[in-house]
Structure formats: C-alpha cells, structure tokens
Amino acid sequence: MAIISPTKSHQVFFNYRGEQLRHSFVSHLTDAFERHGINFIVDKYEQRGKDLKNIFARIEESSIALAIFSTRLYPESSWCMDELVKMKKLADKGKIQVIPIFYKVSARDVRRQTGKFGDKFWNLARASITSGDQIKKWKEALECISGKMGLSLKNKSCEADFIKEIVKEVVRVIEAPELEEKDNHAEKKKRTHRSCLCELPHFKRSKTLTVFFFFFFSFLF
C-alpha cells in the first residue's frame, strides 16, 4: 500500500488510526497521491508490534506528515499519540512540515481535548500505563499540531473535493522550496545586473578623464 522513497525527498507520512478510515478516506487519498506521483508511507499494520523505532525512522525519512484527526480511534491510540509527539519534535527543529487534517472533528476539540475527541483522549490517559510526563507530551503535541494551518472536512462536505484540496496543499508544500530557490536565483541575477550597471558609468568617467589629461599634457608639451 505504501510507496517508500529511498531518500527524504518529499515523502509524506500518514498519522491516523482506524481500519474503516484506512479502507475509505485514506485509501482514496493514497490513490490520489499515486496519480500525482507523490511518495508516501502508510502504517497499514497499525498496532501490530510494540516497537515504535521503525515507525519513527519512517517519520524521520519524511519531509511532510499528515496528522489525520478523527473521533473514531485516533484519540484512543497511545501509538498514534507517540507518533504525533515525534512529529512535533521534528517540526520544532524544522525537519518536517506537519499538515493537520480534521476529518469530521473540530480543530477546537482536538486542541482543547473536548467533545467526543476529548472524552476518548482522557479515557486513554486514565487507562494508560505510560508516565504523566508522556501524557503531558501528548497534550502539547495535540495543542501544537492542531494549532497549525490545516484542512477540515465537515460531516456533510464532499470527500472527493476535500481530497483534491489536500493534494493541492501537499503539492504546494513540495514545490515551495523549488520556487523559493528560483526566486532567490532570479534576485541574485538581478542584483548582479544592477551592480554591473552601477560600475559602468564609473568606467566611462575614468576613460574620459584619462583622455582629457592626455590631450591636456600633449597641448602643454
């Protein structure tokens, strides 16, 4: 199901949870990515296994991550929360760009851990055997990532159009460094051209002055 790029070059990591979501929305989104030639990694085995090292390595290999928030199983998964913490850590260092996707859940409920999303999250926190420090990191990651500019799908919205919006945004993020590099190159050429024009009058004045002194001293002698 996943196309894994051998380098970090524009690989997109999917952070989500739920088999039903995987067979519907996520499946349609990955199909759209394939059509547009976008590399991605999907953890299709979900929570089979307890070692997160392999998943963390895949996140580190990616330049973009989609945090697909939903009320179904996302806030019930400590695995998903740990992935989100890792994504936040890399985003804070500028090593990955995280795009929050709010799939039939409000950004406010995710950010404040309220509503159905919040109820399930706090049930997870109370039942979890993890440390209080790690739960604090889960909260911080939810608050930070959900506070970024993202895309939202409401209950009665068109899912096909929503997928198009996500693809468009991912393509924009991928192309942004290339466009910036082109703009910087064009600006550098422009500055070089202006510099040459500024030096040209100085050259002409010097040449004219030299000719003037040549004729002046020729007249004297």
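The values are calculated or read from the model by the stated rules, or taken from the named source; none is laboratory data. Note that this is a predicted model, so its numbers are computed, not measured. We place every Cβ from the backbone using ideal geometry, glycine too, and count neighbours over all the protein chains shown.
Whether a residue is modelled with pLDDT under 90, closer than 16 Å to Val170 by Cβ, in a loop (DSSP other than H, G, I, E, B) and out of contact with any His (no Cβ under 8 Å at 6 or more places or on another chain) was assessed, and Lys44 does not pass this test.
Kindly indicate whether Gly37 is modelled with pLDDT of 90 or more, surrounded by fewer than 19 Cβ atoms within 10 Å (Cβ to Cβ) and assigned to a loop (DSSP other than H, G, I, E, B).
Answer is yes for this residue.
For the stretch 100-114, a tally of residues being loosely packed, with under 15 Cβ neighbours inside 10 Å and in contact (Cβ under 8 Å) with a residue 24 or more places away in the chain returns 0. Please go through the stretch 120-179 and pick out each residue that is of a type in the set (Lys, Arg) and within 24 Å of the chain's Cα centre (by Cα). Listed by number, the residues that qualify are Lys136, Lys137, Lys139, Lys148, Lys154, Lys164, Lys168, Arg172.
Within the set Leu29, Leu84, Leu66, the sole residue that is within 23 Å of Arg172 (Cβ to Cβ) and either over 20 Å from the mean Cα position of the chain (by Cα) or outside any helix (DSSP H, G or I) (or both) turns out to be Leu66.
Out of all the residues in the stretch 71-85, which are more than 18 Å from Lys139 (Cβ to Cβ) and not aliphatic (A, V, I, L, M)?
Once the filter is applied, which keeps residues that are more than 18 Å from Lys139 (Cβ to Cβ) and not aliphatic (A, V, I, L, M), the stretch 71-85 yields only Arg72.
Yes or no, residue by residue, for (1) basic (Lys, Arg); (2) under 30 Å from Cys158 (Cα atoms):
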{"position": "Phe40", "(1), (2)": "no, yes"}
{"position": "Asn54", "(1), (2)": "no, no"}
{"position": "Arg58", "(1), (2)": "yes, no"}
{"position": "Ile64", "(1), (2)": "no, yes"}
{"position": "Glu83", "(1), (2)": "no, yes"}
{"position": "Val105", "(1), (2)": "no, yes"}
{"position": "Asp109", "(1), (2)": "no, yes"}
{"position": "Lys116", "(1), (2)": "yes, yes"}
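If you check Lys120 against the conditions, is it at negative phi and either without any contact (Cβ under 8 Å) to a residue 40 or more places away in the chain or not in a helix (DSSP H, G or I) (or both)? Criteria not met by Lys120. Of all residues in the stretch 87-112, exactly one satisfies the criterion of being more than 16 Å from Phe13 (Cα to Cα) and under 12 Å from the mean Cα position of the chain (by Cα), namely Asp92. One residue alone among Asp109, Asp133 is of a type in the set (Asp, Glu), at pLDDT 95 or above and part of a helix (DSSP H, G or I), and that residue is Asp109.
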